[in-house]
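Below is one structure, written out as structure tokens; the observations come after it.
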């Protein structure tokens, strides 16, 4: 599993990945940001980065969820739900995402999304990271402690620095359908033809 931590300024993870019950010598990328033109959303806020502590298959699945926009009503039943995540909003807030089974009769997987009011950490090394951050140290120091003390953590630090919040919150881009585009084009052509006809009459 390993560890991810947030201190209000930095989101930091280790780089360990487990294969066949042992830590792989290869490093694994755990912090992701949107590609150009890609829009992520969490609880109505544009998401600018995430870290997931879980199996490798969770990363593309979680990214797909963010693309469609997630909140506490999102259904996560379609993928591996043994993970913990931290998502950074452009407002500077970190959201802890924890999957759990619904209390309803259908028992689907829902996402508990908790905005952080201070520092937070997730994963097997979370208790070590939180202990260090609770005495005023950074997320960087917290993850270093987890790497040193937790057998599930290892590798090097991966770091995302939270940028200042924008003055105006972002909104999800709207894309016209082909039908809407064709309607607008037809209307423009018609209006142009009418204008030309009026000019000839005059």
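The values are calculated or read from the model by the stated rules, or taken from the named source; none is laboratory data. It should be emphasised that the depicted structure is a prediction, and the values quoted were computed from it without experimental measurement. Methodologically, a virtual Cβ is constructed for each residue, glycine included, from the backbone with ideal geometry; neighbour enumeration extends over all protein chains shown.
Quick notes on this one:
- Single residue of region 142-165 satisfying the filter (surrounded by fewer than 17 Cβ atoms within 10 Å (Cβ to Cβ) and under 18 Å from the mean Cα position of the chain (by Cα)) that is nearest to residue 16 (Cα to Cα): 159
- Tallying residues that are touching a residue at least 40 places away in the same chain (Cβ under 8 Å) and either touching a helix residue (DSSP H, G or I) at 6+ places or on another chain (Cβ under 7 Å) or outside any loop (DSSP other than H, G, I, E, B) (or both) within region 114-129 yields 10.
- Residue list for region 77-111, restricted to those being touching a helix residue (DSSP H, G or I) at 6+ places or on another chain (Cβ under 9 Å) and either surrounded by 20 or more Cβ atoms within 10 Å (Cβ to Cβ) or at pLDDT 85 or above (or both): 83, 84, 85, 87, 97, 111
- Residues within region 16-34 that are modelled with pLDDT of 95 or more and out of contact with any helix residue (DSSP H, G or I) (no Cβ under 9 Å at 6 or more places or on another chain), tallied: 2
- Verdict on residue 135 being assigned by TED's automatic domain parsing to the domain that holds residue 151 and touching a strand residue (DSSP E or B) at 6+ places or on another chain (Cβ under 8 Å): no
- First in region 48-65 and at pLDDT 90 or above, second anywhere and assigned to a helix (DSSP H, G or I) and crowded, with 16+ Cβ neighbours inside 10 Å, Cβ under 6 Å, 6 or more apart: 52/58; 52/59; 52/62
Every residue, every condition in (1) modelled with pLDDT of 70 or more; (2) closer than 30 Å to residue 116 by Cα; (3) assigned by TED's automatic domain parsing to the domain that holds residue 42, yes or no:
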{"residue": "157", "(1), (2), (3)": "yes, yes, yes"}
{"residue": "166", "(1), (2), (3)": "yes, yes, no"}
{"residue": "176", "(1), (2), (3)": "no, no, no"}
{"residue": "181", "(1), (2), (3)": "no, no, no"}
{"residue": "189", "(1), (2), (3)": "no, no, no"}
{"residue": "200", "(1), (2), (3)": "no, no, no"}
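- Residues that are free of Cβ contacts under 8 Å to residues at least 40 places away in the same chain and within 29 Å of residue 166 (Cβ to Cβ) within region 66-82 comprise 66, 67, 68, 73, 74, 76, listed in sequence order.
- Condition check for residue 31 on (1) out of contact with any strand residue (DSSP E or B) (no Cβ under 6 Å at 6 or more places or on another chain); (2) surrounded by fewer than 20 Cβ atoms within 10 Å (Cβ to Cβ): one failure, at (1).
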